[in-house]
Every structure is written in structure tokens, then in C-alpha cells.
1. When N counts the residues of the protein assembly as shown, how does its alpha-carbon radius of gyration compare numerically with 2.2 N^0.38 Å, as a ratio?
2. Hull surface divided by four, with the convex hull built on the Cα atoms of chain A: how many nm²?
3. If the viscosity is 0.692 mPa s and the temperature 37 °C, what translational diffusion coefficient in µm²/s does Stokes-Einstein give for chain B when Rh comes from Kirkwood over Cα pairs?
4. On the first, second and third principal axes, largest extent first, how far apart are the outermost C-alpha atoms of region B:1-46 in Å?
5. Can you give me the C-alpha center-to-center distance between region A:36-65 and region B:43-86, rounded to a whole angstrom?
6. Rg to Rh for region A:4-53: what is it, with Cα atoms only and Rh by Kirkwood?
7. Cut-off is 10 Å between beta-carbons; in what order do A:PHE74, A:PHE104 appear when sorted fewest neighbours first?
8. If you put +1 on each Lys and Arg Cβ and -1 on each Asp and Glu Cβ, how big is the dipole of chain B around its Cα centre, in Debye rounded to 20?
Amino acid sequence: DAGITQSPRHKVTETGTPVTLRCHQTENHRYMYWYRQDPGHGLRLIHYSYGVKDTDKGEVSDGYSVSRSKTEDFLLTLESATSSQTSVYFCAIKGQARIDTQYFGPGTRLTVL
Amino acid sequence: AQKVTQAQTEISVVEKEDVTLDCVYETRDTTYYLFWYKQPPSGELVFLIRRNSFDEQNEISGRYSWNFQKSTSSFNFTITASQVVDSAVYFCALSEAQGSGGGADGLTFGKGTHLIIQP
């Protein structure tokens with residue numbers, strides 16, 4: 001157990017509404033990540049963070065923004081949700097060293113109607 | 001650009017059979033890390049193994065074994081004497097050590113292999 005929680009675990013929203021997903025960790029890990037999982041695509045990196053206020057884009061960042069104002073929380077925001085953002089979102093953490101392994105949170109299932 | 005290919009979309013075997021899941025990767029880096037994760041029907045992602053590019057020794061953990069061959073860019077996973085509890089989606093993933101972003105090095109995943117173990 002890497003001490004990662006995600007909230008909410010399930011959410012249904014409508015097209016055009018803003019949505020924020022939260023990833024919370026309790027073990028002071030430096031690196032945090034957001035991935036999305038879609039059938040036929042595996043997991044794809046959306047954004048990542050390498051420290052407080054240090055974030056960068058991943059492979060599929062369009063339509064998403066992130067913020068990390070403190071070590072333990074990494075927020076993913078969909079400014080105006082679209083049906084193509086219906087997915088399962090996973091947060092991951094990695095320790096202090098570059099070679100450390102990523103461990104994943106339980107996931108958030110988001111449905112955009 | 002890095003890429004991970006899991007050509008087997010779905011495999012179905014009868015319990016106690018051995019099964020091998022294939023993973024082929026592409027990278028320009030000389031230093032990289034390979035991973036296998038398991039996703040059971042409950043949906044969480046469970047880390048199984050990490051291998052760095054300098055360590056080609058095969059690894060065995062109970063009924064699980066991994067065969068890393070740089071010459072063929074493959075990192076295959078074998079389950080011996082499969083059990084129903086092994087039924088899951090298995091993902092192979094790659095991380096390049098020379099990536100940008102302060103060492104964050106996001107993972108590139110294959111599309112996964114759905115393994116079904118029939119009783």
C-alpha cells in the first residue's frame with residue numbers, strides 16, 4: 001500500500017461542466033502522475049509533477065490542467081468536460097529517486113454524458 | 001519515441017497450463033526500465049516487477065518468471081501452472097532514464113493482454 005487515495009472514486013457529469021479529481025498521498029513522494037485508461041489504449045500519461053508547483057504535460061494533455069500546491073495533493077481539472085474524456089483516471093506516485101517504481105491509486109471512473 | 005507492443009490482446013488457457021505473455025519495446029535510450037503490472041477484475045494496478053536495461057538476468061518469483069532479451073527488445077512474462085486467480089489484464093511498461101521533466105519519467109504502456117484462466 002503506497003498510501004494513495006483518489007477522490008471521487010466515481011463521478012457522472014454533463015458535457016461542458018468543470019470537474020476536478022484529487023490524488024492524495026501520505027508518504028511525501030516527490031513525483032506524481034495522472035494517467036487515463038481507455039479500452040484498446042492501455043494507460044496514457046496526461047500530466048506529471050516533479051515537485052510542488054513543478055508540473056509538465058504528458059502524451060494526452062489537451063483539455064486537462066493540473067496543480068500541485070503542496071506535496072501531498074495533485075489535482076487534475078477538466079475545465080469543460082467532453083464525452084471523449086469519459087475514462088478511468090489513475091494517479092501514480094514515485095519516490096525520491098529517478099529509478100523508483102511507480103505505484104498506482106485505486107482509480108476514478110468518470111462518465112461525461 | 002518509445003513504444004511498447006503487447007500483440008496478444010486476449011489469451012485463454014485452462015488452469016494448470018503454462019502461459020507466456022509477450023512484450024516488445026522500442027526505445028532510443030541505452031538506459032531504461034521495464035515493468036509489468038497486473039490489473040485484476042477489481043480494477044487496481046498491481047506492480048509485479050521492474051527491470052533495468054543493464055540487467056538481463058531472468059527472474060523467477062514463485063510461479064512467475066520473466067525473460068528479458070535486449071537482442072530482441074523483449075521482456076516476456078511466463079506464468080507456470082496457471083490458476084484462476086491469475087485471470088487479469090497484464091500490462092508491460094517502459095520508462096526511459098534520460099527523459100525530461102526533472103526525472104519524472106512517465107511510463108509508456110502497452111495495450112495490455114487479457115488473460116483468462118478457465119477452471
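Laboratory data are not the source of any read-out in this text; all were calculated from the coordinates shown. Source: prediction; values computed, not measured. Don't worry about glycine lacking a Cβ; one is built from the backbone with ideal geometry, like all the others, and counts go over all protein chains shown.
1. On the way: Rg = 17.7 Å, N = 232, 2.2 N^0.38 = 17.4 Å.
Taking the Cα Rg and dividing by 2.2 N^0.38 Å, one obtains 1.01.
2. Details: hull surface 26.0 nm².
About 6.5 nm², averaged over all directions.
3. Values: Rh = 14.6 Å.
In µm²/s, the coefficient is 224.
4. 39, 22, 16
5. Comparing the Cα centres of region A:36-65 and region B:43-86, I get a distance of 26 Å.
6. Details: Rg = 13.0 Å, Rh = 13.0 Å.
That ratio equals 1.00.
7. Details: A:PHE74 30, A:PHE104 22.
Fewest to most other Cβ atoms nearby, the residues stand as A:PHE104, A:PHE74.
8. Numbers: 9 positive and 14 negative charges, 22 e Å.
It comes to approximately 100 debye.
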